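Student: Got a structure for you, questions after.
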2 protein chains.
Amino acid sequence: MMDAAHRLQRAQQCLMENEVDALVVSVGRDLPYLTGYEAMPLERLTALVVRADRTPQLFVPGLEVPRVEQHPEAFETIGWSEDIDPVGLVAEALAGAHRVAIGDQMWSRFLVELLHQRPDLSLVRSTEVIGAMRMIKDDDEVAALAAASAAVDRIAADLRSGVIPLVGRTEHQVSMDLSERILAEGHERVNFAIVATADNAASPHHHPGSRIIGENELVLCDFGGTMDGYCSDITRCVVTGTASAEIREAWEVLRTAQQAGVDAAIVGAPCEEVDRAPRRVIDEAGWGRYFVHRTGHGIGMEEHEDPYMVEGNQRPLEHGHAFSVEPGIYVPGQWGMRLEDIVVATVDGPRRLNNVGRDLPELQ
Amino acid sequence: MMDAAHRLQRAQQCLMENEVDALVVSVGRDLPYLTGYEAMPLERLTALVVRADRTPQLFVPGLEVPRVEQHPEAFETIGWSEDIDPVGLVAEALAGAHRVAIGDQMWSRFLVELLHQRPDLSLVRSTEVIGAMRMIKDDDEVAALAAASAAVDRIAADLRSGVIPLVGRTEHQVSMDLSERILAEGHERVNFAIVATADNAASPHHHPGSRIIGENELVLCDFGGTMDGYCSDITRCVVTGTASAEIREAWEVLRTAQQAGVDAAIVGAPCEEVDRAPRRVIDEAGWGRYFVHRTGHGIGMEEHEDPYMVEGNQRPLEHGHAFSVEPGIYVPGQWGMRLEDIVVATVDGPRRLNNVGRDLPELQ
């Protein structure tokens with residue numbers, strides 16, 4: 001069970017260690033991580049103010065108060081009525097504070113208004129205070145990630161065995177089908193369901209469109225949702241018929257590269273090594289200039305969060321870091337492919353949370 | 001068709017009229033409204049910088065560039081590669097600007113980083129520059145809202161006729177059913193699907209839970225999604241059997257109140273009058289203290305946007321303002337009810353976009 005009092009106490013320690021006077025978090029995942037309560041992304045401000053020397057205060061719109069599970073030992077809940085300026089309440093709670101950490105995803109409108117009232121604030125990002133803490137998933141969090149991963153594995157298995165019809169449907173139709181399956185498998189939210197065929201797949205974040213999937217085409221599906229607060233994210237590709245020799249060859253390179261990325265996810269290794277290992281494989285095979293993004297992103301309550309598997313990130317991997325390993329090869333105007341699993345770094349070595357097959361099925 | 005060049009030119013005029021040097025918008029709906037391009041809510045910055053005296057610049061992560069529909073006559077697209085600090089690019093584009101408007105929903109992390117580079121900026125909200133422009137929906141926008149409203153009307157009709165099973169299912173199961181129907185009716189995204197039964201409905205934003213719906217219970221369903229970029233939002237209630245006399249009486253009050261709110265939506269009337277009219281009806285019937293929220297919110301590319309139908313908002317309604325009219329009565333510990341339609345103020349009078357029945361069906 002998530003223990004709000006424990007997490008908030010640790011956040012208070014982090015404030016002291018980082019010499020930050022206060023932490024303000026709003027929408028985004030810092031808030032449910034610390035309190036169990038998720039704010040709706042609304043024009044009505046929800047804000048948790050944490051200071052080292054007092055009880056944390058959660059300001060919520062009055063009509064949301066019934067949704068807050070009270071933890072009086074951990075934080076005080078204050079509902080504000082619609083005739084009150086909630087930013088003023090936050091400004092009051094920050095009296096005497098100067099160096100203040102702001103949640104990454106808080107809407108800028110509230111920060112702009114806060115700065116009107118407190119132009120003297122010196123701002124830092126919340127990740128500088130509680131980022132290291134959030135990155136390390138405890139056993140319950142890993143279990144939640146594993147359950148979400150298993151759910152999308154089942155969908156990927158249906159994709160790979162031909163149970164999900166492809167030929168003759170639009171990318172958009174297949175995307176909606178995947179979305180419905182994501183919900184049916186127990187996620188409370190669909191985060192994305194990318195379906196990209198042939199040259200459309202050369203755009204890594206292609207938006208599924210009206211293109212009708214034909215035969216003998218490479219189809220890339222990258223999908224995930226949020227289940228019990230934790231995210232899934234998987235990419236698998238299939239061919240609707242027979243793959244060309246080029247595509248088969250590239251896929252074997254990609255699969256070897258992805259394995260190299262997983263194998264590099266050793267506790268103590270720098271995050272950038274997880275980026276470099278697959279890149280070396282793809283470079284050596286001559287496809288290097290077509291691998292146009294970083295290898296992975298952290299995952300947890302957010303689809304993308306720290307730590308990032310990217311050149312320049314020298315943070316050493318720790319037991320409990322969870323992230324994607326997802327190299328890709330994108331040949332503009334021709335085709336694109338990506339292979340993605342979620343991996344947790346553990347003292348016993350890298351642990352994959354996605355376990356569905358990684359070959360390139362040729363569906364007849 | 002949305003005309004990016006035209007909208008951006010008008011935004012530039014708004015900058016001059018409001019004596020603001022630059023506008024920076026990121027995630028949220030200002031960006032698709034102005035450019036047709038919607039940024040994914042990502043840790044990779046997308047930002048449009050508009051200044052009155054030069055071509056607007058859209059900074060996007062390199063791998064998103066293929067998703068941007070180019071309008072070179074309207075704005076310049078600049079892809080940034082993963083070894084670049086994108087906030088630095090925005091800071092450069094703001095050289096010489098002092099008073100800068102920031103998009104409401106831009107993630108605070110980027111604003112914090114921008115302020116590190118440009119601590120001299122004087123910030124205002126983007127709504128102060130382009131809010132009035134965005135509030136007035138043109139004919140294409142009203143048509144998109146009407147299509148989305150018609151889609152949720154069809155789901156509400158199934159709810160009201162008993163086609164959607166309720167008794168014996170959990171609120172969560174019914175919520176998932178509504179979510180799947182929202183997608184099946186053509187929305188690209190589910191925004192919310194609140195299902196609240198009996199005393200759970202006394203919390204206006206109740207999160208659907210494991211409570212099993214019984215017989216003779218009042219069930220509140222408030223749901224909507226985004227279809228072709230524009231939002232739907234409707235609330236209807238049904239009773240799973242026979243309604244008590246108290247509930248029948250309160251419903252007639254609520255229905256009269258909602259009609260009064262719609263009737264008050266006259267071009268030239270202040271927004272707060274749309275709040276006051278239903279409140280008077282509910283007050284006079286003696287339920288006033290149980291109507292705990294404003295009467296409505298603007299709707300368009302966002303589920304909730306300006307103008308708000310709330311006490312204190314003296315903005316006069318204009319032809320093309322679109323908003324919800326959704327009074328409610330919530331008796332703590334007992335039951336809650338709400339009735340919601342989307343309405344457009346027009347020179348010919350208020351136009352409802354939701355047209356499904358408004359009585360309280362007793363499903364046997």
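Listed here are the residues, each with its yes/no results for (1) among the hydrophobic types (A, V, I, L, M, F, W, C); (2) out of contact with any Leu (no Cβ under 8 Å at 6 or more places or on another chain).
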residue: A:295; (1), (2): no, yes
residue: A:323; (1), (2): yes, yes
residue: A:327; (1), (2): no, no
residue: A:332; (1), (2): no, yes
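Student: Of the residues A:153, A:158, A:199, A:177, only one is in contact with a helix residue (DSSP H, G or I) (Cβ under 8 Å, 6 or more places away or on another chain) and acidic (Asp, Glu); which?
Tutor: After applying the criteria, what remains is A:158.
Student: Looking only at segment A:125-147, which residues are assigned to a helix (DSSP H, G or I) and within 14 Å of another protein chain (Cβ to nearest Cβ)?
Tutor: A:127, A:128, A:129, A:130, A:131, A:134, A:135
Student: Which residue, of A:122, A:126, is within 30 Å of residue B:24 (Cα to Cα) and touching a residue at least 60 places away in the same chain (Cβ under 8 Å)?
Tutor: Residue meeting the stated conditions: A:126.
Table: residues versus (1) over 16 Å from residue A:334 (Cα atoms); (2) touching a strand residue (DSSP E or B) at 6+ places or on another chain (Cβ under 8 Å); (3) of a type in the set (A, V, I, L, M).
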site: A:186; (1), (2), (3): yes, yes, no
site: A:189; (1), (2), (3): yes, yes, no
site: A:192; (1), (2), (3): yes, yes, no
site: A:197; (1), (2), (3): no, yes, no
site: A:222; (1), (2), (3): yes, yes, no
site: A:237; (1), (2), (3): no, yes, no
site: A:246; (1), (2), (3): no, no, no
site: A:269; (1), (2), (3): yes, yes, yes
site: A:281; (1), (2), (3): yes, no, yes
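Student: Give segment A:227-251 a look and list any residue that's in contact with a helix residue (DSSP H, G or I) (Cβ under 8 Å, 6 or more places away or on another chain), crowded, with 20+ Cβ neighbours inside 10 Å and of a type in the set (Gly, Ala, Ser), or say none.
Tutor: Residues satisfying the conditions are A:232, A:243.
Student: What tally of residues in segment A:131-156 results from selecting those that are open to solvent by 40 Å² or more (accessible area, probe 1.4 Å), more than 16 Å from the chain's Cα centre (by Cα) and over 19 Å from residue A:188 (Cβ atoms)?
Tutor: 2
Student: Scan segment B:179-199 for residues that are surrounded by 22 or more Cβ atoms within 10 Å (Cβ to Cβ) and under 17 Å from residue B:239 (Cα atoms) and jot them down.
Tutor: Of everything in segment B:179-199, those that are surrounded by 22 or more Cβ atoms within 10 Å (Cβ to Cβ) and under 17 Å from residue B:239 (Cα atoms) turn out to be B:194, B:195, B:196, B:197.
Student: Sticking with this one: Are any of the residues in segment B:160-175 at pLDDT below 95, assigned to a helix (DSSP H, G or I), among the polar types (S, T, N, Q) and open to solvent by 50 Å² or more (accessible area, probe 1.4 Å)?
Tutor: yes
Student: Let me ask another. Could you list, ordered by first residue, the pairs with Cβ atoms under 7 Å in which the first is in segment B:79-93 and closer than 9 Å to residue B:117 by Cβ and the second is assigned to a loop (DSSP other than H, G, I, E, B), at least 6 apart or interchain?
Tutor: B:87/B:45; B:91/B:118
Student: When only residues in segment B:201-226 that are crowded, with 23+ Cβ neighbours inside 10 Å and touching a Gly at 6+ places or on another chain (Cβ under 7 Å) count, which is nearest to the other protein chains (Cβ to nearest Cβ)?
Tutor: B:204
Student: Give me the pairs, please: first residue somewhere in segment A:166-189 and closer than 12 Å to residue B:183 by Cα and among the polar types (S, T, N, Q), second residue anywhere and part of a helix (DSSP H, G or I) and open to solvent by less than 60 Å² (accessible area, probe 1.4 Å), beta-carbon distance under 7 Å, and either six or more positions apart or on two chains.
Tutor: Partner pairs satisfying both residue conditions: A:179/B:183.
Student: Restricting the search to segment B:342-364, which residues are open to solvent by less than 20 Å² (accessible area, probe 1.4 Å) and either touching a Pro at 6+ places or on another chain (Cβ under 7 Å) or polar (S, T, N, Q) (or both)?
Tutor: B:343, B:354
Student: Are any residues in segment B:230-253 more than 21 Å from residue B:357 (Cβ to Cβ) and either in a strand (DSSP E or B) or within 12 Å of chain A (Cβ to nearest Cβ) (or both), and if so, which ones?
Tutor: B:230, B:231
Student: Give me the residue from segment A:64-76 that is in contact (Cβ under 8 Å) with a residue 12 or more places away in the chain and over 28 Å from the mean Cα position of the chain (by Cα) and, out of that set, least open to solvent (accessible area, probe 1.4 Å).
Tutor: Per the criteria, the residue is A:76.
Student: Condition first: part of a loop (DSSP other than H, G, I, E, B) and open to solvent by 60 Å² or more (accessible area, probe 1.4 Å). Now tell me which residues in segment A:254-266 satisfy that.
Tutor: Hit for segment A:254-266 is A:266, nothing else.
Student: Which residue out of B:15, B:34, B:23, B:58 is open to solvent by less than 10 Å² (accessible area, probe 1.4 Å), in contact with a Lys or Arg (Cβ under 6 Å, 6 or more places away or on another chain) and not in a loop (DSSP other than H, G, I, E, B)?
Tutor: B:34
Student: Going residue by residue through segment A:323-341, is there one that turns out to be open to solvent by 10 Å² or more (accessible area, probe 1.4 Å), within 14 Å of another protein chain (Cβ to nearest Cβ) and of a type in the set (Ser, Thr, Tyr)?
Tutor: For segment A:323-341, residues open to solvent by 10 Å² or more (accessible area, probe 1.4 Å), within 14 Å of another protein chain (Cβ to nearest Cβ) and of a type in the set (Ser, Thr, Tyr): absent.
Student: With respect to residue B:356, determine if the residue is closer than 21 Å to residue B:221 by Cα, within 22 Å of the chain's Cα centre (by Cα) and not in a loop (DSSP other than H, G, I, E, B).
Tutor: no
Student: Name every residue in segment B:77-124 that is open to solvent by less than 20 Å² (accessible area, probe 1.4 Å), over 30 Å from residue A:209 (Cβ atoms) and away from every other protein chain (no Cβ under 12 Å), in order of residue number.
Tutor: B:88, B:91, B:93, B:94, B:97
Student: While we're here: Which ones in segment B:291-307 are outside any loop (DSSP other than H, G, I, E, B) and either within 20 Å of residue B:337 (Cα to Cα) or at pLDDT 95 or above (or both)?
Tutor: Correct list: B:296, B:297, B:298, B:307.
Student: Something else: State which residue is farthest from the other protein chains (Cβ to nearest Cβ) when the search covers only segment A:278-304 and only residues that are under 20 Å from the mean Cα position of the chain (by Cα) and open to solvent by 10 Å² or more (accessible area, probe 1.4 Å).
Tutor: Only one residue fits best here, namely A:301.
The values are calculated or read from the model by the stated rules, or taken from the named source; none is laboratory data. Since we're looking at a predicted model, the values are computed, not measured. No Cβ is skipped: glycine too gets one built from the backbone with ideal geometry, and neighbour counts run over all protein chains shown. Accessible surface areas use protein heavy atoms only, side chains included; no ligands, DNA or RNA. Shrake-Rupley method; radii C 1.70, N 1.55, O 1.52, S 1.80 Å.
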